Amino acid sequence: MSPEGTWDLTIATPVGRIEAVTRFRYDDGVLTGTAQGAGQEVPLTHLVRDGDRLTWRQSVTKPLRLDLTFAVTLAGDTLTGTSRAGRLPASRVTGERRAERAGTGHRP
């Protein structure tokens with residue numbers, strides 16, 4: 001299944017839960033994405049899809065300046081995995097794909 005769409009993510013960190021919205025889409029056959037949360041929107045870099053597994057990196061400045069690495073597995077309209085900030089312990093990530101409006105569909 002394609003990751004394309006808008007995803008509501010929850011990251012369970014040692015200091016509390018963080019909510020974020022991540023968007024994946026294809027531009028000329030290349031998967032791209034952005035993440036939005038804590039009042040900022042950042043691009044996803046090093047985005048790789050390998051079957052049902054996605055990995056990417058993103059840099060945030062709020063609440064702290066961090067470089068995050070994500071590794072998640074897709075299962076239909078849900079995803080699970082981890083996020084890691086440098087040497088800190090991995091945080092659990094869960095997500096659900098938002099329902100798209102009629103006619104927008106998902107790319108296979």
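Values in this text are rule-based calculations from the coordinates and carry no lab data. Everything numeric here is computed off the predicted structure, so don't read it as measured data. Positions of Cβ are generated from backbone atoms using ideal geometry, with glycine treated the same way; all protein chains shown enter the neighbour counts.
Other residues lying with their Cβ under 11 Å from the Cβ of residue 58 contribute a combined charge of -1, Lys and Arg counting +1, Asp and Glu -1. How large is the convex hull of the Cα atoms of the chain per residue, expressed in Å³ as a whole number? Output value, Cα hull per residue: 100 Å³.
Computed from label points 7 Å out along Cα-Cβ, the spacing between residue 77 and residue 99 is 0.7 nm.
Taking a sphere under 11 Å around the Cβ of residue 36 and counting the other residues whose Cβ falls inside, with K and R at +1 and D and E at -1, yields a net charge of -2.
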